[in-house]
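K.L.:
Take a look at this one; I'll ask things after.
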């Protein structure tokens, strides 16, 4: 059995045995399932006016009504799909582009490395939320544009991580040995470099998911996210904050779900890091 396959087996066993990984995976999966199947289970049209403004819970609307009489439960069920797919898309786009640029900088060195590092430093000089607000306010609130903007804010961090890890791996003895034996750069990249980068990149992906759901919720709360009357968890908080004392569930329900997703992804990322550390100790 090769060293790579041995490490993969050990890593998989360590993940399964890690309590934080199991807890984070279960919590994240439950929120994902809720968000994905929620739009199919809505009892009423999310944009339909069903009751009084900030109406109290009743038999047909057990979470009550929102600021203009929408059924809160229907909007909570329908509002998860948008924020979850945007969170996943922004994080994955940032991971793919950022890791590619980081590996390119580590392999190319010299002027390419200097340019990528300089560009990364320039973008990291801007606070993430300010950068996203600036771009969205100028170009619009289309979902794909919001996803692209959030991913741009995350890419510099991925570039820095990927470059640092790749630079360390390039100098390892087994990589030098592969070069001496005449293996191609593509073989070394896909067989020696990338497999050993997966663990730190997966940990960072979990952290980005936590950041992304928080940032997207913040954008919607500030009025720069999904445009009404669409149902969105962040938008629900913004729309109903004025009636918090009268109808708290219109705010608490989306807040709880966003918090659970952020908790799940954060604990999952930390658990993956612990599992990787345990293998390295052995």
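K.L.:
Is there a residue being over 16 Å from the mean Cα position of the chain (by Cα), surrounded by 15 or more Cβ atoms within 10 Å (Cβ to Cβ) and assigned to a helix (DSSP H, G or I) anywhere in the range 203-215?
P.N.:
No: the range 203-215 contains no residue that is over 16 Å from the mean Cα position of the chain (by Cα), surrounded by 15 or more Cβ atoms within 10 Å (Cβ to Cβ) and assigned to a helix (DSSP H, G or I).
K.L.:
Just to check your reading of the model, which residue among 105, 89 is part of a helix (DSSP H, G or I) and either free of Cβ contacts under 8 Å to residues at least 40 places away in the same chain or farther than 28 Å from residue 223 by Cβ (or both)?
P.N.:
Being part of a helix (DSSP H, G or I) and either free of Cβ contacts under 8 Å to residues at least 40 places away in the same chain or farther than 28 Å from residue 223 by Cβ (or both) holds for just one of 105, 89, which is 105.
K.L.:
Which condition number in (1) out of contact with any helix residue (DSSP H, G or I) (no Cβ under 6 Å at 6 or more places or on another chain); (2) surrounded by fewer than 19 Cβ atoms within 10 Å (Cβ to Cβ) is the one that residue 74 fails?
P.N.:
Tallying (1) out of contact with any helix residue (DSSP H, G or I) (no Cβ under 6 Å at 6 or more places or on another chain); (2) surrounded by fewer than 19 Cβ atoms within 10 Å (Cβ to Cβ), residue 74 fails exactly one: (2).
K.L.:
Which ones in the range 56-66 are in a loop (DSSP other than H, G, I, E, B) and buried (at least 18 other Cβ atoms within 10 Å of the Cβ)?
P.N.:
63, 64, 66
K.L.:
Another one. If the requirement is being free of Cβ contacts under 8 Å to residues at least 12 places away in the same chain and not in a helix (DSSP H, G or I), which of these qualifies: 187, 183?
P.N.:
Result: 183 is the single residue among 187, 183 that is free of Cβ contacts under 8 Å to residues at least 12 places away in the same chain and not in a helix (DSSP H, G or I).
K.L.:
Can I ask one more? Could you check, for the range 113-129, whether at least one of its residues is more than 27 Å from residue 225 (Cβ to Cβ) and buried (at least 18 other Cβ atoms within 10 Å of the Cβ)?
P.N.:
Within the range 113-129 (the criterion being more than 27 Å from residue 225 (Cβ to Cβ) and buried (at least 18 other Cβ atoms within 10 Å of the Cβ)), the answer is yes, since at least one residue qualifies.
K.L.:
Of everything in the range 122-151, what is free of Cβ contacts under 8 Å to residues at least 12 places away in the same chain and assigned to a helix (DSSP H, G or I)? Give them in sequence order.
P.N.:
122, 130, 134, 138, 139, 144, 145
K.L.:
Restricting attention to the range 158-178, and to residues there that are assigned to a helix (DSSP H, G or I) and out of contact with any helix residue (DSSP H, G or I) (no Cβ under 7 Å at 6 or more places or on another chain), which single residue is surrounded by the most Cβ atoms within 10 Å (Cβ to Cβ)?
P.N.:
Top of the filtered list is 164.
K.L.:
Can you pull out the residues in the range 18-52 that are over 22 Å from residue 87 (Cα atoms) and touching a residue at least 40 places away in the same chain (Cβ under 8 Å)?
P.N.:
Across the range 18-52, the qualifying residues are 18, 19, 47.
K.L.:
With respect to the numbered conditions (1) in contact with a strand residue (DSSP E or B) (Cβ under 8 Å, 6 or more places away or on another chain); (2) on the phi > 0 side of the Ramachandran plot, which one is the sole condition not fulfilled by residue 223?
P.N.:
(1)
K.L.:
Which condition number in (1) surrounded by fewer than 17 Cβ atoms within 10 Å (Cβ to Cβ); (2) within 26 Å of residue 130 (Cβ to Cβ) is the one that residue 246 fails?
P.N.:
Looking at each condition in turn, residue 246 falls short on (2).
K.L.:
If you don't mind, another one. Do the conditions hold for residue 96, that is, is it within 18 Å of residue 151 (Cα to Cα) and free of Cβ contacts under 8 Å to residues at least 24 places away in the same chain?
P.N.:
Taking the combined requirement at face value, the residue satisfies it.
K.L.:
Can you tell me which residues in the range 26-41 are surrounded by fewer than 18 Cβ atoms within 10 Å (Cβ to Cβ) and touching a helix residue (DSSP H, G or I) at 6+ places or on another chain (Cβ under 6 Å)?
P.N.:
Scanning the range 26-41 gives 39, 41.
K.L.:
Identify the residue in the range 234-253 that is in contact (Cβ under 8 Å) with a residue 12 or more places away in the chain and in a loop (DSSP other than H, G, I, E, B) and, among all such residues, is farthest from the chain's Cα centre (by Cα).
P.N.:
Among them, the one singled out is 246.
Any read-out appearing in this document is the output of simple, stated calculations on the displayed coordinates, not a laboratory observation. Predicted model, so just to flag it, every value in this text is computed and none were measured. Using ideal geometry, Cβ is built from the backbone for each residue, glycine included, and neighbour counts are taken over all protein chains shown.
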